[in-house]
Amino acid sequence: MFVCFRFRRSARTRNETPMAPKTMVPNPRQAALLEAVREQGSASVDALAQRFQVTLQTVRRDVGLLATAGLLSRFHGGVRVPGSTTENIGYLQRQRLNHAAKERIAEAVAERVPDDCSLIINIGTTTEAVAEALRHRRRRLRVITNNLNVAAILSDKPDFEVIVAGGMVRSRDRGIVGEATVDFIRQFRVDIGLIGISAIETDGTLRDFDFREVKVARAVVESSRQVWLAADHSKFNRPAMVQLGRLNEIDALFTDQAPAAPFRSLLDEAGVELVVAAAT
């Protein structure tokens, strides 16, 4: 199921900021916890407690020590590998990261997209999950994309029309970027522009890592009557280098967990519809 609502009041929560790195030699349990998070990219405190059959207090203590040493970074309810403002994690790792959450987000998006609709879908593992959901749930869509993975997912649907943007193909994720891509996207005016993102900062800034990818995403925003953002909970308060835009430029945000303060008030002030694809 998913829940759609708008926030009118914000709650004050503690914003945890990693301390300066210190030298640390993890004990066996901490080393195993660190390896588990590195394999997945991120994990919730609850999931780690269940995996290692220890209390939440023990996990929080271990996570606190590892974060203080600079080996992990904390976010609301979980922990991730330390963030970089200049480089995203690898594509295969991003595919595995929060996979179930991305599938729930994808189903929520697909349920809201009407048949006989035009869309632009950009680069990202979450948008690829949306493409898979659209293939099973929707009819007669016209899709423009700069993502060869999205094109491959949708192109075998006989009643879908798939248009692929020109430009340079990145080998690491089969995304298409460059000035030719930007010029191509600007030819269109579609019903929905569906974008992914790497980071949503606490001031409402949307950020990503690749300047060329951001320029294409900007063209998607400008060429869409409505802009929908699909982003799982780990994207909130994550660092990235290049500004794509701000929350007030999107119409709807699809995520898997209701965000903590200050994002609740930011979404409300920006007039953004929040759709939470909750676990059943």
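The values are calculated or read from the model by the stated rules, or taken from the named source; none is laboratory data. A quick note: this is a predicted structure, and the numbers were derived from the prediction, not measured. Note: ideal-geometry Cβ built from the backbone for every residue, glycine included; neighbour counts use all protein chains shown.
Among (1) in contact with a Phe, Trp or Tyr (Cβ under 8 Å, 6 or more places away or on another chain); (2) of a type in the set (K, R); (3) assigned to a helix (DSSP H, G or I), where does R212 come up short?
(1)
Kindly evaluate V182 against the criterion of being in contact with a helix residue (DSSP H, G or I) (Cβ under 9 Å, 6 or more places away or on another chain), at pLDDT 95 or above, within 23 Å of V109 (Cβ to Cβ) and assigned by TED's automatic domain parsing to the domain that holds K235.
no
Can you list the helices (runs of 4 or more DSSP H) found entirely within segment 63-144 that contain at least 1 residues being over 25 Å from A252 (Cα atoms) and at pLDDT below 85?
By residue number, 91-96.
Looking at (1) in contact with a Ser or Thr (Cβ under 9 Å, 6 or more places away or on another chain); (2) in contact (Cβ under 8 Å) with a residue 60 or more places away in the chain; (3) over 14 Å from T145 (Cα atoms), which is the only condition L229 fails?
L229 satisfies every listed condition except (2).
Counting only residues that are closer than 11 Å to A199 by Cα and polar (S, T, N, Q), how many does segment 221-280 have?
Number of matching residues: 3.
Working only within segment 176-202, note down all residues that are part of a strand (DSSP E or B) and either in contact with a His (Cβ under 8 Å, 6 or more places away or on another chain) or surrounded by fewer than 19 Cβ atoms within 10 Å (Cβ to Cβ) (or both).
If the condition is that a residue be part of a strand (DSSP E or B) and either in contact with a His (Cβ under 8 Å, 6 or more places away or on another chain) or surrounded by fewer than 19 Cβ atoms within 10 Å (Cβ to Cβ) (or both), then D191 is the only one that fits.
Restricting segment 211-251 to residues that are surrounded by 20 or more Cβ atoms within 10 Å (Cβ to Cβ) and of a type in the set (D, E), which is nearest to L266 (Cα to Cα)?
Top of the filtered list is D232.
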